[in-house]
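Accompanying notes for the structure given below.
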Amino acid sequence: MKTIKGLLLAAGRSSRMTAGHHKLLAEFGGVPLVRRSAETMLRSNLESVTVVTGHRSLEIEAALRGLPLITTFNQVFFQGMGTSLACGFKHKSLASPDGVLVMLADMPGITSAHINELLVAFQSGEGMVVRGSDGGKPGHPVILPSALYPHMRQLDGDEGAKVVLQRRLVPVHVVDIGPAALKDVDTNDEVLSAAGRLGNKVGS
């Protein structure tokens, strides 16, 4: 049985949100989105979950308080997602699993059942990437095998995992989990249309 751990990216600046709102602090069912995403991962069959924080990290960590998580702060989060991926993959908690499931914290439709579908697919293959998709269109979450960890640790700026996947260093297997694989929330309107409630503003 392969060991698969989780990496939750929660460091972004929410730059498309307005009026001082942070999308990861928006509430869905009365729960901040970042906590909802973390709880989704914890309810799945992942062995553990590591969270990368950055922008408004004190508020993000407060929203996660009490959960059995590992957190790490990306000091250069403002330089882009690539730095957060590198920060996560450099953390000792993710040094040696067979696979790491990377999840974006702004995808409210992802469920623990979706994650478990991806885990089953990864367990049945050998050294491949497994990623969620909708109708064949690749999305998230994504499970990366250990062969790619050195490449992930070298990411910088706005480079995401896509840069590594495009090199086709290992096979990629997609699992259709439906529209949730492509649905993130980046703006105030997208939060509201996804049945969320805007959270506290900066300084409020």
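Computed from the coordinates by the stated procedures, all read-outs in this text should not be read as laboratory data. Just so it is clear, the structure is predicted and the values come from calculations on it, not from any experiment. Using ideal geometry, Cβ is built from the backbone for each residue, glycine included, and neighbour counts are taken over all protein chains shown.
I'd like the orientation of helix 33-43 relative to the chain: the angle between its Cα long axis and the longest Cα principal axis, in ° from 0 to 90, rounded to 10.
40
Just the Cα atoms of the chain: what Rg and Dmax do they give in Å?
15.8, 49
On full extension of the chain, what length is gained from E126 through R16, given 0.36 nm per residue of separation minus the C-alpha to C-alpha distance?
Working: separation 110, 0.36 × 110 = 39.60 nm, distance 3.86 nm.
Gain on stretching E126 to R16: 35.7 nm.
What ranking do R35, R167, R56 get, fewest neighbouring Cβ atoms within 10 angstrom at the top?
R167, R56, R35
Return one number: the angle in degrees, 0 to 90 and rounded to the nearest 10, between the long axis of the Cα atoms of helix 81-90 and the longest principal axis of the Cα atoms of the chain.
Helix 81-90 and the main axis of the chain meet at about 60 degrees.
Obtain the nm distance between the two label points defined at D189 and K92 by a simple spin-label model: each point lies 7 Å from its Cα along the Cα-to-C-beta direction.
4.8
Kindly identify the range 86-147 as rounded, prolate or oblate by the Cα gyration tensor criterion: order the square roots of the eigenvalues as a ≥ b ≥ c, call it rounded if a/c is under 1.5, otherwise compare a/b with b/c, prolate if a/b is larger, else oblate.
oblate
As I understand it, the value is the acute angle between the Cα axis of helix 112-124 and the longest principal axis of the Cα atoms of the chain; what does it come to in degrees, rounded to 10?
20
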